[in-house]
Every structure is written in C-alpha cells, then in structure tokens.
Amino acid sequence: MVYGFACAPANRPAGTVGSADAASKVYVAPGQHDEFYAFMSGGFNGQIGVYGLPSGRLLKIIPVFSQFPENGWGYSEETKPMLETTFGNIPWDDLHHTALSQTNGEDDGRWIFVNANNTPRVARVDLNTFEASEILQIPNSGGNHGSPFITSNSEYVIASTRFSVPIPQADVPIADYKKAFKGTISFIAANEPGKMDVAFQLLVPGYDYDLARAGKGPSKDWVFLTSYNSEQAYEKLEINASKADKDFIAAINWKRLETCAKTGKAENWPVDYVHNVMDEFSRVARSETKKSVKMLTPQSCPNSIFFLPTPKSPHGADVDPSGEYIVAGGKLATVIPVHSFTKLQQAIKDQAFETEISGIPVLKYDAILAGEVKDPGLGPLHTEFDGKGYAYTSVFISSEIVKWKLGTWEVVDRTPTYYSVGHLMIPGGATTKPSGKYAVALNKITKDRYLPTGPELTQSAQLYDISGEKMKLILDFPTTGEPHYANAILASKIEKQQKKYYSLAENRHPQVAKAERDAGIERTGKVIHVRMTAIRSHFAPDNIEGVQVGDTVLFHITNLEQDWDIPHGFAIQGAINSELLIMPGETRTLKWIPRSIGVFPMYCTDFCSALHQEMQGYVRVSPVGSSVPLTANTLKAKGQVARAAQRGITLPTPPGAGTGPVDAHAVHTTGAPRPR
C-alpha cells in the first residue's frame with residue numbers, strides 16, 4: 001500500500017483515486033462474496049452478463065435470445081421452443097435493457113426482465129435459477145428497443161416500438177410514412193409466472209419511441225417514455241429527424257388505459273404472436289400461438305396520454321425516487337430538462353395545451369417545467385439517482401458523468417469516463433430507495449484501456465465510488481457483448497433463495513430415468529429413444545449398438561445427482577448442435593443423426609470427479625438395413641440375460657431395455673418431446 005501511494009502519479013485525471021486506495025475499495029477477499037449482483041444486458045450477443053460488485057468478477061452468462069453451446073440452451077430439444085416466434089425459430093437477438101421486478105417501488109429479487117430489439121420479445125428470467133423461464137413475442141411492433149420497463153408492483157412491463165411501421169402490416173410505399181406508419185405502446189401482464197401476455201396496446205403516432213420509466217409515489221399510475229423523430233422522417237434520419245427544436249416525452253396514465261381495456265373500450269385485433277414457457281417440473285419448454293390483442297387509441301380512451309415537449313432528440317426518461325421529477329436526456333440538447341409531475345397534473349387540469357396530435361394533447365413546455373440543468377456537457381443520455389438528493393447523467397459526446405442537485409439544478413461535480421459512456425447505473429437507481437454507494441458507467445469505446453485483441457476490442461464498465469462529495473473512479477472491468485443498460489441489487493436479496501438442484505422425485509420429463517434400472521433404448525421406425533442416466537462417473541447405458549445411418553437418435557439424459565454444483569455434460573462425435581449441460585435432477589435431450597458407419601465415442605464434457613475422463617462410452621452405427629439388433633448394456637438388459645442363463649437359456653443378443661412404450665410421434669415440430 002505504501003508503494004501504491006508513493007508511485008501514484010502526481011497529476012492523475014480528475015475523478016480518480018490512488019491505485020492502492022482504489023484496490024482496497026473493490027477488493028473482495030478469496031472466499032468472500034460481493035455486496036451486489038449486477039445484471040448487464042449483452043446487446044448483440046442476446047445474453048445477460050452477471051457480475052459481482054464491487055469486484056467486477058464475471059459470475060455467469062445467462063443465454064436468453066441466443067443459442068449457447070456452454071450449456072446447450074437453444075440446442076437441446078427441451079429449450080429449442082423457447083426461441084420460437086411467428087418468424088420461425090430465431091436463435092439470436094439484440095438484448096438492450098434490463099428491469100428487475102419490484103414490490104412497492106423497490107427491487108424484490110424475484111425476476112429480471114429483458115428485451116429483444118430485433119424480433120420484438122420480452123423475457124422473464126427467474127433469479128432463483130438464473131435461467132429464462134418465459135419469452136413473449138410482442139405483436140404490432142417494429143423493433144422493441146424501448147423495453148422492458150416495470151411498474152412499481154410489477155403489474156406491467158411496458159414496451160414501445162422503436163421503428164414505426166404500418167400497423168397492421170401492409171404493402172405500402174415507404175413515402176406514405178406519415179399517413180400509414182404507426183407506433184404502439186404495449187402493456188404486458190407480468191406478475192404471474194408462466195402467464196405473461198399483452199394485456200392491451202395503445203396505438204400512437206408514427207414516431208420512434210425509446211426509453212421509459214414508470215412513476216413512483218404520487219406518479220405510480222403513470223409511465224413516461226421518450227419519443228424522437230416527431231418530424232416523421234423515413235430517410236437520412238441523422239439529418240431529417242434532428243430538425244425540430246423539441247420532440248416529446250409521452251406521459252401515459254396506465255391505470256386509465258387498464259380501466260378502458262376492462263370496460264370494453266378496446267378493439268380486438270387479430271394478430272399472431274408466440275408465448276414460450278419452460279415448465280417447472282418437466283423442464284420442457286412449450287410454445288403457444290396467441291391470436292388477438294386488445295388495441296386502444298387516444299380517442300377511445302381520452303385523457304390517457306399527453307405529450308410533454310422535450311428538447312432535443314431525447315433518449316432517457318427517468319423519474320426521481322420521490323416520483324415528482326421526470327428527467328429527460330436530449331441527445332442534441334444544451335440543457336437537461338426536468339418536468340414536474342405536480343405541474344403536469346395542474347396543466348392537464350387547466351388545459352394548458354399547445355396543440356393536439358392524433359387525439360393527444362401537447363402540454364405547454366413552461367407549464368410543466370420544474371427547471372433546466374445548464375451546461376451539462378455534450379450529449380446527455382440517461383440519468384440515475386442516489387437517494388440523497390442528487391442525480392447523475394451520462395454524457396456521451398464529452399465522455400463524462402455529471403452530478404447535479406435536484407431542486408436547484410446546479411452541476412456539483414463531473415468526472416470523465418473512458419470512453420463514450422452510454423447508460424450508467426446506480427444500484428436501485430430506478431427505485432424509491434437507491435443505494436448511493438456506486439455508479440457504473442457502460443462505455444462504448446475502450447481503446448488503450450486493456451490489452452489489444454485485434455480489430456474488435458472488449459466492451460467496458462467502470463465503477464465509481466459516489467458515497468462522498470466527489471465521484472471517484474475505482475475500477476475498470478471488461479464486459480461481454482455490448483452492455484446498454486444494467487441493474488444491480490443487494491446480493492442478500494437473492495443469494496439465499498438459490499435453487500441448488502432439481503428434485504429427482506419431482507422430475508416429470510416424459511423420458512426421465514430416475515434410476516439406472518429405468519435406463520433403456522427403443523426404436524420406432526427411424527427414431528431411437530435412449531433413456532440414459534449420468535452419475536459420477538459413468539453413463540448408463542454406455543455401449544449402444546444397432547443404430548443405423550440416418551436414424552434420429554434422441555439421447556434423454558437424466559442427471560441422478562442430488563447435490564449442489566454437480567452438473568454432468570454430454571457430447572457425441574459428429575453432433576451438429578452442441579453439448580448438453582444437465583443440472584442435478586434434470587433431464588435434457590440431445591438429437592443426433594449419424595451420417596456414416598463406425599463406432600462413435602460419447603463422453604461427459606463437465607469435470608465431475610477424479611474419474612471424469614472415464615465417464616465415456618460408444619455408439620456403433622451400422623449401414624441402413626443392417627441385421628445388427630438394437631442393444632444397450634443397461635441393468636435391465638443385463639438382468640434379462642442373467643435370468644435366462646439361470647434357466648439354461650443363452651440369449652444370442654441382449655434385447656432392448658425399454659421401460660415402457662415410447663411414442664415416437666409425440667415430438668414437437670421443434671423436436672422437443674411432448675409431455676404425456
């Protein structure tokens with residue numbers, strides 16, 4: 001520590017601390033746990049990165065909208081249906097934003113919701129398993145960037161269209177944009193696991209809709225979201241969508257919309273969209289296509305939506321912990337405008353309207369303005385709060401975080417980021433009770449910060465200590481993908497609820513083998529079902545013969561372990577999907593179609609014991625039409641041979657050891673076995 005202080009540069013950049021001081025602030029001793037979980041969106045990788053704070057340790061990658069060969073997500077027959085959409089099975093998406101579930105405006109640690117931007121979807125991830133349990137496609141949407149944003153008791157996840165499109169879709173000239181293109185705001189029922197659905201949608205003018213925050217306290221029945229391209233440009237948006245002095249924040253009374261939807265004010269619009277759910281006990285995902293959605297308009301539900309003029313090309317819309325202040329981040333603005341919820345209510349009462357657009361009153365800017373933060377820097381984007389009366393805004397172009405005081409609007413501190421910060425995150429910063437300890441900058445550019453890795457460099461997060469008067473940079477750490485937004489929550493709210501294994505007794509998979517005596521093999525036509533068990537350190541069966549070229553072999557592997565952190569892997573030579581990683585008590589299925597004759601090894605891919613290398617076996621593949629019988633060295637097959645020998649009978653070949661009828665036709669079009 002003496003060396004660290006002695007060698008600290010005399011003229012280090014503002015906002016940094018000495019290396020030894022910084023190290024002590026982020027040091028988490030071996031065997032100790034971090035104070036916070038941080039969940040960072042993976043952007044173009046379709047995943048969530050889970051990190052510990054303050055250490056910056058990468059703890060886990062959660063695949064959601066992506067195939068993931070590390071554990072077989074999207075490759076195993078049970079998980080493939082989670083990626084179903086009306087466009088087909090889509091194994092990728094652009095995951096931009098995260099939102100923790102809330103109770104009474106506080107993060108409660110039950111779930112985290114994430115969005116898919118490209119093919120509009122919202123997913124629920126359970127925080128007792130750290131696995132996606134539900135994915136809902138959003139209809140009538142042309143891009144789902146502005147999503148997901150949660151109401152204060154998790155009643156709804158709010159999602160908006162980034163790209164306005166013809167709604168319903170139609171073959172129209174792009175030049176008819178102003179006449180034919182619309183946007184939607186979707187309200188997704190979210191508080192019951194397995195039952196996510198679009199409760200209702202609101203049809204809005206054809207702008208680009210962006211980030212949102214639900215209100216809290218006095219504004220808890222409202223949601224505020226930014227929109228840009230009020231010019232309704234459809235080409236060269238960099239120029240043509242940046243002309244207006246002000247765009248809008250849409251202030252929506254979701255309680256009023258809910259009432260309108262429940263009292264018959266909405267039209268039922270026919271539209272197909274897909275809902276995918278992972279069953280809790282079979283651990284097999286199922287897909288359902290829904291056929292209609294309730295559509296509201298500003299005219300059918302008056303006084304439910306108002307436009308708040310906001311300079312200029314706003315990105316973030318953020319609500320302070322009291323629920324009074326609505327802060328916008330205008331990418332091209334020279335100020336940070338702050339609207340007052342109290343003034344907004346009075347302006348509605350006084351009908352202080354500038355004009356009306358498609359049935360939506362536009363409130364007067366001066367009538368709703370609480371104040372403006374002057375000279376915030378170039379390119380303000382997004383604001384978080386520390387619960388101590390201060391706000392922190394990321395400023396993209398000038399690469400900095402600006403700290404300013406609520407009520408006086410004065411800038412009290414600023415610190416550089418390295419480089420081009422997009423969003424920033426304070427643990428609980430979107431709630432009524434933020435933790436004013438740390439802020440995390442999510443940076444777009446990292447050149448010269450880490451060892452170079454060719455043309456593509458790592459993404460970056462930077463951790464700032466905000467507990468004092470001045471912000472202090474204390475840690476850089478690389479991140480996976482491109483994190484756009486993040487949430488962090490006290491580890492104590494999550495770590496004690498972790499599921500350590502799946503109960504073998506409760507396993508309802510249709511092809512489960514709950515003991516080695518249940519293992520078996522059976523052919524129906526060209527489909528072979530192998531019920532296999534895995535336990536330290538062998539598979540049962542581990543020798544299979546009688547498979548023919550072109551057969552579809554479905555390995556249904558049950559991990560018999562009932563202990564924490566003992567998964568088993570499975571792979572076979574020539575498989576064109578991925579390995580499996582099977583959690584204790586779980587059954588997972590690998591589909592394999594052999595293309596040539598031979599003897600092919602299979603093995604456990606996850607180190608499980610001192611004899612892990614011995615956890616292997618073979619599958620013999622014969623030509624089509626071969627007379628080699630289908631056999632497997634299961635306990636049941638061995639038992640039949642032994643009993644025959646006791647009676648003086650020699651069986652020429654052990655018969656298949658199926659433990660019950662296998663319906664080869666009980667298979668989804670995606671290949672997942674259908675529960676019986």
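The values are calculated or read from the model by the stated rules, or taken from the named source; none is laboratory data. Computed from a predicted model, the values in this text were never measured in an experiment. Heads up, the Cβs are rebuilt from the backbone with ideal geometry, glycines too, and the neighbour counts pull from every protein chain shown. For the accessible areas, the whole protein counts, side chains as well, though only heavy atoms, and no ligand, DNA or RNA atoms are used. Shrake-Rupley method; radii C 1.70, N 1.55, O 1.52, S 1.80 Å.
Just for the stretch 400-447: of the residues that are part of a loop (DSSP other than H, G, I, E, B) and aliphatic (A, V, I, L, M), which one is farthest from Tyr390 (Cα to Cα)?
Within the stretch 400-447, the match that is farthest from Tyr390 (Cα to Cα) is Ile445.
May I ask you to list the residues in the stretch 602-619 that are within 12 Å of Ile572 (Cα to Cα) and either open to solvent by 80 Å² or more (accessible area, probe 1.4 Å) or in contact (Cβ under 8 Å) with a residue 40 or more places away in the chain (or both)?
The answer is Met602, Tyr603, Cys604, Gln616, Gly617, Tyr618, Val619.
Take the residues in the stretch 363-398 that are part of a strand (DSSP E or B) and small (Gly, Ala, Ser), then tell me which one is nearest to Ala441 (Cα to Cα). Write out each step before concluding.
Residues of the stretch 363-398 that are part of a strand (DSSP E or B), as a first pass: 363, 369-374, 380-385, 390-395.
Now restrict to residues that are small (Gly, Ala, Ser): 370-371, 391, 394.
On the way: Ala370: 27, Gly371: 25, Ala391: 14, Ser394: 8 Å.
Among those that are part of a strand (DSSP E or B) and small (Gly, Ala, Ser), it is Ser394.
Among (1) open to solvent by 10 Å² or more (accessible area, probe 1.4 Å); (2) more than 29 Å from the chain's Cα centre (by Cα), which single condition is Pro337 missing?
With respect to (1) open to solvent by 10 Å² or more (accessible area, probe 1.4 Å); (2) more than 29 Å from the chain's Cα centre (by Cα), Pro337 is out only on (1).
Which condition number in (1) under 23 Å from Ile158 (Cβ atoms); (2) touching a helix residue (DSSP H, G or I) at 6+ places or on another chain (Cβ under 9 Å); (3) buried (at least 24 other Cβ atoms within 10 Å of the Cβ) is the one that Gly105 fails?
Condition (3) is where Gly105 drops out.
With the condition being closer than 22 Å to Lys80 by Cα, I'd like the strands (runs of 3 or more DSSP E) fully within the stretch 506-618 carrying at least 2 qualifying residues.
So the answer is 527-535, 552-559, 568-572, 580-582, 587-592.
Of Tyr51, Tyr37, which residue is open to solvent by less than 10 Å² (accessible area, probe 1.4 Å), modelled with pLDDT of 95 or more and either in contact with a strand residue (DSSP E or B) (Cβ under 7 Å, 6 or more places away or on another chain) or of a type in the set (Asp, Glu) (or both)?
Tyr51
When you scan the stretch 81-92, how many residues do you find that are touching a Pro at 6+ places or on another chain (Cβ under 9 Å) and either in a helix (DSSP H, G or I) or within 28 Å of Pro567 (Cα to Cα) (or both)?
So the answer is 2.
Is at least one residue of the stretch 120-132 more than 24 Å from Asp208 (Cβ to Cβ), open to solvent by less than 10 Å² (accessible area, probe 1.4 Å), among the polar types (S, T, N, Q) and in a loop (DSSP other than H, G, I, E, B)?
The answer is no; no qualifying residue exists.
Condition first: over 25 Å from Pro434 (Cβ atoms), among the polar types (S, T, N, Q) and under 29 Å from the mean Cα position of the chain (by Cα). Can you find one or more residues in the stretch 508-528 that meet it?
Among the residues of the stretch 508-528, not one is over 25 Å from Pro434 (Cβ atoms), among the polar types (S, T, N, Q) and under 29 Å from the mean Cα position of the chain (by Cα), which makes the answer no.
What are the residue pairs meeting all of these: first residue in the stretch 256-276, first residue under 30 Å from Ile90 (Cα atoms), second residue loosely packed, with under 15 Cβ neighbours inside 10 Å and of a type in the set (S, T, N, Q), Cβ atoms under 6 Å, and 6 or more apart or on different chains?
Note: pairs meeting the criteria are Asn268/Ser292; Pro270/Ser292; Asp272/Thr86; Asp272/Thr289; Val274/Thr86; Val274/Thr289.
Restrict the check to the stretch 87-99 and report whether at least one residue is touching a helix residue (DSSP H, G or I) at 6+ places or on another chain (Cβ under 8 Å) and β-branched (Val, Ile, Thr).
There is at least one residue in the stretch 87-99 that is touching a helix residue (DSSP H, G or I) at 6+ places or on another chain (Cβ under 8 Å) and β-branched (Val, Ile, Thr).
What are the residues in the stretch 175-190 that are over 30 Å from His275 (Cβ atoms) and under 32 Å from the mean Cα position of the chain (by Cα), if any?
Tyr177
Residue under question is Ser492, and the condition is that it be of a type in the set (Ser, Thr, Tyr) and assigned to a helix (DSSP H, G or I); does it hold?
Considered against the rule, which asks whether it is of a type in the set (Ser, Thr, Tyr) and assigned to a helix (DSSP H, G or I), Ser492 comes out as yes.
Restricted to the stretch 250-307, and to residues that are more than 30 Å from Leu344 (Cα to Cα) and acidic (Asp, Glu), which residue is least open to solvent (accessible area, probe 1.4 Å)?
Taking the candidates together, the pick is Asp279.
Looking at the stretch 190-243 only, could you name the residues that are β-branched (Val, Ile, Thr) and either assigned to a strand (DSSP E or B) or open to solvent by less than 40 Å² (accessible area, probe 1.4 Å) (or both)?
Once the filter is applied, which keeps residues that are β-branched (Val, Ile, Thr) and either assigned to a strand (DSSP E or B) or open to solvent by less than 40 Å² (accessible area, probe 1.4 Å) (or both), the stretch 190-243 yields Val198, Val204, Val223, Thr226.
Quick one: in the stretch 448-471, which of the residues that are outside any loop (DSSP other than H, G, I, E, B) and out of contact with any Leu (no Cβ under 7 Å at 6 or more places or on another chain) is surrounded by the fewest Cβ atoms within 10 Å (Cβ to Cβ)?
Pro455
What about Lys178, is it in a helix (DSSP H, G or I), at pLDDT 95 or above and not acidic (Asp, Glu)?
Numbers: in a helix (DSSP H, G or I): yes; at pLDDT 95 or above: yes; not acidic (Asp, Glu): yes.
When the stated conditions are applied, Lys178 passes them.
Please go through the stretch 83-102 and pick out each residue that is farther than 14 Å from Asn276 by Cα and either open to solvent by less than 10 Å² (accessible area, probe 1.4 Å) or small (Gly, Ala, Ser) (or both).
Result: Asp93, Leu95, His97, Thr98, Ala99, Leu100, Ser101.
What do you reckon, is Phe385 surrounded by fewer than 24 Cβ atoms within 10 Å (Cβ to Cβ), touching a Gly at 6+ places or on another chain (Cβ under 8 Å) and touching a residue at least 24 places away in the same chain (Cβ under 8 Å)?
So Phe385 does not fit the description; no.
Of all residues in the stretch 432-468 being more than 19 Å from Phe396 (Cβ to Cβ) and of a type in the set (Phe, Trp, Tyr), which is modelled with the highest pLDDT?
Out of the qualifying residues, it is Tyr438.
So Glu579 fits all but one of (1) crowded, with 20+ Cβ neighbours inside 10 Å; (2) without any contact (Cβ under 8 Å) to a residue 60 or more places away in the chain; what number is the exception?
For Glu579, the failing item is (2).
Report, by residue number, each residue of the stretch 159-179 that is closer than 29 Å to Pro148 by Cβ, out of contact with any Leu (no Cβ under 6 Å at 6 or more places or on another chain), touching a residue at least 40 places away in the same chain (Cβ under 8 Å) and open to solvent by less than 90 Å² (accessible area, probe 1.4 Å).
Matches in the stretch 159-179: Ala159, Thr161, Arg162, Ser164, Pro168, Tyr177.
For Arg283, all conditions in the list (1) among the charged types (D, E, K, R); (2) outside any loop (DSSP other than H, G, I, E, B); (3) touching a residue at least 60 places away in the same chain (Cβ under 8 Å) hold save one; what is the number of the exception?
Result: Arg283 fails condition (2) only.
With the structure loaded, tell me whether Glu70 is at pLDDT 95 or above, out of contact with any Leu (no Cβ under 9 Å at 6 or more places or on another chain) and in a loop (DSSP other than H, G, I, E, B) or whether it fails that test. Quick ask: steps written out before the conclusion?
Numbers: at pLDDT 95 or above: yes; out of contact with any Leu (no Cβ under 9 Å at 6 or more places or on another chain): no; in a loop (DSSP other than H, G, I, E, B): yes.
Taking the combined requirement at face value, the residue does not satisfy it.
Would you confirm, using the coordinates I've provided, whether Ala370 is under 16 Å from Tyr392 (Cα atoms), touching a residue at least 12 places away in the same chain (Cβ under 8 Å) and crowded, with 16+ Cβ neighbours inside 10 Å? Spell out how you get there, then give the answer.
On the way: under 16 Å from Tyr392 (Cα atoms): no; touching a residue at least 12 places away in the same chain (Cβ under 8 Å): yes; crowded, with 16+ Cβ neighbours inside 10 Å: yes.
So Ala370 does not fit the description; no.
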